[in-house]
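Below: the structure, in structure tokens.
The values are calculated or read from the model by the stated rules, or taken from the named source; none is laboratory data. Here the structure is a predicted model, which is why all the values come from computation and not from measurement. No Cβ is skipped: glycine too gets one built from the backbone with ideal geometry, and neighbour counts run over all protein chains shown. The area values use the complete protein model at the heavy-atom level, side chains included, leaving out ligands, DNA and RNA. Shrake-Rupley method; radii C 1.70, N 1.55, O 1.52, S 1.80 Å.
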Amino acid sequence: MTVMDATLRESLKALRLSGMLETLDARLAQAHGGELGHLDFLQVHCQDEITRRETVAFQRRLQRAKFEQQVTLEEFDFTASSKLPAAQIRDLGALRWLHAGESVILFGPVGVGKTHIAQALGHLAVRQGAHVRFAKTSRILADLAGGHADRTWEKRIRELVRPDVLIHDDFAMRQLSAAQADDHYELVSERQGRSLIITSNRAPSDWYPLFPNPVVSESLLDRLINTSHQVIMNGPSYRPNKRPRNTTDKAH
């Protein structure tokens, strides 16, 4: 290593350009071998740093999303059921709804893959630079209820409002209390213009009786449902397709 090489490495460390530092030997070898001119060397080396930063940022967003599983739309088996609206789901993969600040409602019986699709759409959004948060609806409501108890409600709701996409998994599982309904109303109102992805075993038309106050349910659900892409997911359970196969299965 020459003195100039050592000085360059120290300079890259000082500037926190570790992407350049990691590929320095390879790029110098290319330059010495005549594969890269001066400007090419600089451009390619800068791209190394950009790539590293994009990768780190992506991993950070993925971690903050708190997905139950890191699944993608590409790996979903649309042939599992002829009743699945494959074309509609793939169209949602273009994320036009995200850029328009619209929401997505995925509803249908247990096990058809609603949570997989919700997380896969969230994964696509993360890949495009969006901030995403996944949570069971029961956990969201419990978190906000805890905020009332310890006077951190404002802080907690801000954390739920901040993401570009908030995924509500297992929405409308049971009757809501008045406090839960009010919290959910505030959350959806504060997120006006920001996307939600909701999964539910019930059709949106069946959500209204779960809210104790008809005025709250009308105000909240009409606003939510009328600005959402509704996807009816039907068919047999998708879960057997995801079940690990053992040696007995293979023998049969």
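Take region 15-33 and flag every residue that is open to solvent by less than 100 Å² (accessible area, probe 1.4 Å) and either touching a strand residue (DSSP E or B) at 6+ places or on another chain (Cβ under 7 Å) or at pLDDT below 75 (or both).
Taking region 15-33 as the starting set, the residues that turn out to be open to solvent by less than 100 Å² (accessible area, probe 1.4 Å) are 17-21, 23-31, 33.
Listed by number, the residues that qualify are 17, 18, 19, 20, 21, 23, 24, 25, 27, 28, 31.
Condition first: among the basic types (Lys, Arg) and at pLDDT 80 or above. Now tell me which residues in region 223-252 satisfy that. Walk me through how you get there before you give the answer.
Keep residues of region 223-252 that are among the basic types (Lys, Arg), which gives 223, 239, 242-243, 245, 250.
223 - this is the single residue of region 223-252 that is among the basic types (Lys, Arg) and at pLDDT 80 or above.
Restricting to region 193-207, and then to whatever is in a loop (DSSP other than H, G, I, E, B) and open to solvent by 10 Å² or more (accessible area, probe 1.4 Å), can you tell me which residue is nearest to residue 165 (Cα to Cα)?
As a first pass, look at region 193-207 and keep what is in a loop (DSSP other than H, G, I, E, B): 193-194, 201-203, 207.
From what's left, open to solvent by 10 Å² or more (accessible area, probe 1.4 Å): 193-194, 201-203.
Values: 193: 10, 194: 7, 201: 21, 202: 21, 203: 21 Å.
Ranking the qualifying residues of region 193-207, first place goes to 194.
Yes or no: region 173-184 includes at least one residue that is under 24 Å from residue 116 (Cβ atoms) and among the charged types (D, E, K, R).
Within region 173-184, one or more residues are under 24 Å from residue 116 (Cβ atoms) and among the charged types (D, E, K, R).
I'd like to verify a number: residues in region 178-192 that are under 30 Å from residue 126 (Cβ atoms), part of a helix (DSSP H, G or I) and not acidic (Asp, Glu), how many? Full working, then the answer.
Here is the first cut: in region 178-192, the residues under 30 Å from residue 126 (Cβ atoms) are 180, 183-192.
From the residues that got through so far, the ones that are part of a helix (DSSP H, G or I) too are 180, 183-190.
Subsequent filtering for residues that are not acidic (Asp, Glu) retains 180, 184-185, 187-189.
The qualifying residues number 6.
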